[in-house]
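First, the structure itself, so that you have it in front of you.
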Amino acid sequence: MTFLLGSGAGFSGDRTDAAIPVVAELIRRGQPAALLFETLGERTLAAAHRARHDDPDAGFEPLLDELLEPVLDDCLANDIAILGNFGAANPAGACERVKALAERAGRADIRIGHVQGDDIRSRLSRIDLQRWEGESGEMPGEEALISANVYLGAAPLVEALAQGAEVVVTGRVADPSLFLAPLMHHFGWAWDDWDRLAAGTMAGHLGECGSQVSGGYFADPGLKDVPDLATVGYPIIEVEEDGSLVVTKPPGTGGCVTERTVKEQLLYEVHDPSGYLTPDVVVDLSDARVVQIGPDRVAVSGIRGRPAPERLKTTVCYAGGWQGEAEISYAGPNAFGRARLAAEVLRERLTFRAPPELRSRLDIIGHASVFDSDTGDLQRHTVGQENGDYRLRLAVGHPERRWVERATQELLALYCAGPAGGGGVRRQFQRRICTASYLVKRSDVEAFATLYDTSQNDDRSYGHGAQ
Amino acid sequence: MAPNDDVNVMSLHRLAHARAGDKGERLNLALFAYDPRHYDTLLAQVTEARVQALFAHRGVSRVRRYPLPGLAGMNLVLDDVLQGGVNGALNLDGHGKTLSFLLLGMEIAMPATHRE
């Protein structure tokens with residue numbers, strides 16, 4: 001029998017009403033189903049650790065209430081399991097919130113699966129680490145280290161479902177594993193049935209970014225038009241016992257599921273398509289086929305798998321000093337000339353008002369910014385429209401807050417001491433948490449699940465040594 | 001390449017669509033022909049060397065291209081273009097999400113017989 005995977009969110013900060021039509025359609029179909037919330041990335045994991053660093057009770061998905069409240073009751077009443085990595089840096093805290101939400105809905109007896117074992121911070125110095133091949137920097141010193149989270153696979157989530165969990169809360173698990181877990185639980189696939197594991201993993205990969213497979217992050221007016229993007233439907237992936245899968249979305253929602261939308265998501269964040277690494281399986285997409293089989297229905301086939309990698313990827317977060325930004329606008333006649341003069345003045349000021357190790361970058365937004373390098377090559381070699389609407393942006397980084405404050409204050413001072421007609425200064429600075437990726441041995445990771453009421457919250461040591 | 005009077009130079013943006021993804025300092029750009037008949041043109045012209053040149057100012061250290069004929073597309077993997085990545089960059093777009101459209105600005109020479 002078909003199993004339905006519904007996506008409720010594709011990142012932290014996603015639309016919080018997205019899951020409502022997905023759940024309505026899962027209920028209407030009456031087939032076995034699960035609802036998945038993927039809300040954790042490299043950026044959001046760092047942000048969660050920063051939040052927990054400031055407040056030990058925080059550090060899980062800040063939108064958890066808004067995401068779950070509209071659908072929790074319906075899912076519990078219709079046997080739709082909810083799995084989410086919304087635990088982020090504090091899964092126990094998220095379990096507590098889910099419990100409170102369920103109590104409010106009259107379901108104080110809710111069974112919450114609490115997945116643990118991704119947090120290896122306390123053992124990091126004693127285990128064998130390999131640098132991930134895509135990065136080259138030095139391992140941060142112990143004093144800068146904030147957290148280390150392993151990308152767990154689907155196994156502990158399946159364990160939670162086997163214990164009867166109705167909601168499964170995790171921290172760092174590989175995004176597609178959230179989707180693979182209910183398939184493993186439902187179909188009872190073997191853990192070395194590599195082709196099925198690969199198909200289930202790609203069902204997850206296609207669904208994990210929410211509407212990115214169903215018309216979100218796709219529209220390019222005139223070339224790639226998407227209907228009703230304001231109400232874009234989040235995906236439902238239909239998976240069969242043999243691993244065949246179809247991507248679709250709830251009827252009556254905006255967006256579209258086409259070969260093009262599915263292809264873009266199929267390779268999203270993939271490197272070598274013949275060896276896409278996940279904790280559960282290595283996926284080979286070399287012979288993948290994507291075929292439209294009906295309106296908003298696309299079949300994906302030809303996915304093969306081979307044994308899972310020996311090591312698991314780990315994200316390490318460490319204190320990266322301070323970052324600051326400040327901006328000022330110039331518009332109207334000779335705006336480009338005035339913005340460029342302001343940039344030159346700032347560059348000169350920073351040579352004697354800031355230490356040489358200050359990292360800095362100047363963009364002229366409206367002319368050259370996001371495509372440019374930190375050294376401003378594009379900006380230097382091109383000329384903007386004389387009359388325009390430009391915003392000069394200064395971005396700086398330094399281990400010490402005072403130099404970030406001083407540098408951004410130099411932009412503020414352009415109000416009086418810079419070129420004519422500058423306005424709209426905004427200025428902000430904050431602690432930066434950097435991330436680096438490593439590979440750890442599976443034998444150094446102990447992942448497990450417990451039902452929340454019987455689990456101990458033993459995370460009180462959090463934040464030690466991390467300033 | 002054919003003489004100039006036999007080709008139209010157009011932006012890759014008219015022929016293909018793309019999406020960027022990031023992991024650390026590594027960027028991938030998945031590129032797909034709108035019309036599978038243009039796949040060979042993309043393969044001939046969107047080469048590792050041309051992509052390397054397009055992203056040279058970003059400090060790219062290596063470009064690898066994985067052709068995917070079954071999808072009429074290719075995956076381009078660029079190392080060290082993110083200048084710090086999502087948690088370390090000074091760039092407004094630390095993910096490099098906008099860079100799919102830097103790629104789509106590449107010029108492609110199409111036979112003059114091509115009609116959009």
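None of the figures in this text is laboratory data; all of them are computed from the coordinates on show. On a predicted model such as this, the values are computed, not experimentally measured, just so you know. Counting neighbours? That spans all protein chains shown, and the Cβs are built from the backbone with ideal geometry, glycine included.
What does the extension gain come out to for A:ARG427 and A:LYS441, with contour length at 0.36 nm per residue minus their alpha carbon separation?
Between A:ARG427 and A:LYS441, full extension yields an extra 0.7 nm.
Can you give me the Rg/Rh ratio for chain B, using Cα atoms for both radii and the Kirkwood formula for Rh?
Value, to two decimals: 1.00.
Rounding to the nearest 10 and keeping the result within 0 to 90°, find how far the Cα-based axis of helix A:64-77 lies from the longest principal axis of chain A.
In chain A, helix A:64-77 runs at an angle near 10 degrees to the longest axis.
What is the spin-label model distance, in nm, from A:ALA77 to B:ALA44 if the labels are put 7 Å beyond Cα along the C-beta direction?
Spacing of the two 7 Å Cα→Cβ label points: 6.2 nm.
Only Lys, Arg, Asp and Glu count, each charged at its Cβ (+1, +1, -1, -1), so figure out the dipole size of chain B about its Cα centre, rounded to 20 debye.
300
Tally the DSSP beta bridges in the protein assembly as shown and give the antiparallel ones as a percent, rounded to 5.
Roughly 85 percent of the DSSP beta bridges within the protein assembly as shown come out antiparallel.
Something else about it: For the residues A:MET202, B:MET74, what sequence is obtained by ranking on other C-beta atoms within 10 Å, fewest first?
Least to most surrounded, the residues fall as B:MET74, A:MET202.
Something else: Excluding residues fewer than 8 places away in the same chain, name every one of the lysines whose C-alpha is closer than 21 Å to that of A:LYS224.
A:LYS249, A:LYS263, B:LYS97
If you stretched the chain out fully between A:ASP220 and A:SER122, how much longer would it get, using 0.36 nm times the residue separation minus the C-alpha to C-alpha distance?
30.6 nm
Then there is this: Calculate the FRET efficiency for A:GLU386 and B:ARG64 from the Cβ-Cβ distance with a Förster distance of 35 Å, rounded to the nearest 0.05.
Once the sixth-power term is evaluated, E becomes 0.25.
Also: What does the helix-only formula give at 222 nm for chain A: each DSSP H stretch with n ≥ 4 adding -39500 (n - 2.57), the total divided by the residues, and the result rounded to the nearest 500 deg cm²/dmol?
Roughly -9000 deg cm²/dmol at 222 nm, from the helical runs in chain A.
What order do you get for A:SER274, A:SER443, A:SER7, B:SER100 when you list them from fewest to most C-beta neighbours inside 10 Å?
A:SER443, A:SER274, B:SER100, A:SER7
Check cross-link reach from A:LYS441 to the lysines: straight Cα distance under 26 Å, and skip same-chain residues fewer than eight apart.
A:LYS313, B:LYS23
Average partner chain C-beta neighbours within 10 Å, per residue of A:258-269?
Whole-number average of other-chain Cβ neighbours for A:258-269 is 6.
Same structure, new question: I'd like to compare A:147-160, A:230-243: which one has the highest average count of other Cβ atoms within 10 Å, and what's the full order after that?
Highest mean packing first, the order is A:147-160, A:230-243.
Which loop trypsin sites (Lys or Arg not before Pro) in region B:61-116, with loop taken from DSSP, have no more than 12 other Cβ atoms within 10 angstrom of their Cβ?
Those satisfying the criteria are B:ARG115.
Relative to the longest principal Cα axis of chain A, at what angle does helix A:401-412 sit, 0 to 90 degrees, rounded to 10?
The answer is roughly 60 degrees.
Taking amide H positions as placed in the peptide plane 1.01 Å from N, state which residues far from A:ASP17 in sequence (5 or more) or on other chains have amide H under 5 Å from it.
none
Tally Lys/Arg at +1 and Asp/Glu at -1 over every other residue whose Cβ is under 11 Å from the Cβ of A:SER329; what's the total?
Net charge around A:SER329: +2.
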